[in-house]
Amino acid sequence: MATTDQIVDTAVELAEQKSWEAVRLHDVAASLGITLDDVRAHFREKEDIVDAWFERADSAMLKAARTRLAGMDNVQLRSGALESLPIADAELDLAAFVLVLHHLAEPEAALREASRALREGGRLLIVDMMPHEHADYRQQMGHVWQGFPETQLQGWLAAAGLGSPRYQALPPDATSKGPTLFVATAVKPETATR
């Protein structure tokens, strides 16, 4: 039987070859020459292995990003949780969440943290899924949320201290079978000076 580390390492390798969304538990089992039950002995739910993927893949993704961004002196890469960013208050001009929020148990916590890290006048950009009926994405891809309606997102943005929210559905891709995506933006308001 494979160890937890071997299963996670194999999942990371597959994710680097494909994408996180394309990796399936049975692919991990097949790559290791074990059964799906052997994988499930370590990871009962897709959510559990997704959490492990992100924890273990962090260093691999940072390494790949460093390679791609070599020579760009105005870019810093830091490792941290979205709910506790290793970034000082008001340090960012822009924070972007691209197809990330639906994986988080508490997306509003990540939005509050982004707001804290944004300077006054800084912008938040979100690309994610509109509400959809693909409940199977929870098991297949580790989604926690089935998209976000505009009113829910606007409430979270307001609670995070962000203003001027905009939410716009993106035109669907004719070749895509997935949910419709949206783009949303918000601004960290400037404080009034007297």
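Overview of values
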{"read-out": "Some residue of region 151-172 being in contact (Cβ under 8 Å) with a residue 60 or more places away in the chain, out of contact with any Cys (no Cβ under 9 Å at 6 or more places or on another chain), within 25 Å of Asp51 (Cβ to Cβ) and not polar (S, T, N, Q)", "value": "no"}
{"read-out": "Residues (open to solvent by less than 60 Å² (accessible area, probe 1.4 Å), assigned to a helix (DSSP H, G or I) and modelled with pLDDT of 95 or more) located in region 137-176", "value": "Gln152, Leu153, Gly155, Trp156, Leu157"}
{"read-out": "Scope region 64-80; condition over 20 Å from Leu94 (Cβ atoms) and surrounded by 11 or more Cβ atoms within 10 Å (Cβ to Cβ); matching residues", "value": "Ala64, Arg66"}
{"read-out": "Subset of region 115-136 (residues that are exposed (fewer than 15 other Cβ atoms within 10 Å of the Cβ) and under 16 Å from the mean Cα position of the chain (by Cα))", "value": "Leu125"}
{"read-out": "Residue match in region 110-121 (condition: part of a helix (DSSP H, G or I), touching a His at 6+ places or on another chain (Cβ under 9 Å) and touching a residue at least 12 places away in the same chain (Cβ under 8 Å))", "value": "no"}
{"read-out": "Hey, Leu111 within 25 Å of Phe148 (Cβ to Cβ) and either at pLDDT 90 or above or of a type outside the set (S, T, N, Q) (or both) or not", "value": "yes"}
{"read-out": "Selected residue (criterion: farthest from Leu99 (Cα to Cα)) from residues of region 4-23 that are open to solvent by less than 70 Å² (accessible area, probe 1.4 Å) and part of a loop (DSSP other than H, G, I, E, B)", "value": "Val23"}
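Here is a yes/no grid of residues against (1) under 23 Å from the mean Cα position of the chain (by Cα); (2) among the basic types (Lys, Arg); (3) at pLDDT 85 or above:
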site: Gln6; (1), (2), (3): no, no, yes
site: Glu16; (1), (2), (3): yes, no, no
site: Ala64; (1), (2), (3): yes, no, yes
site: Gly71; (1), (2), (3): no, no, yes
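The values are calculated or read from the model by the stated rules, or taken from the named source; none is laboratory data. Only a predicted model underlies this, so the values are computations on that prediction, with no experimental measurement involved. All Cβ positions, glycine included, derive from the backbone under ideal geometry; neighbour counts span all protein chains shown. Heavy atoms of the whole protein, side chains included, go into the accessibility calculation; ligands, DNA and RNA do not. Shrake-Rupley method; radii C 1.70, N 1.55, O 1.52, S 1.80 Å.
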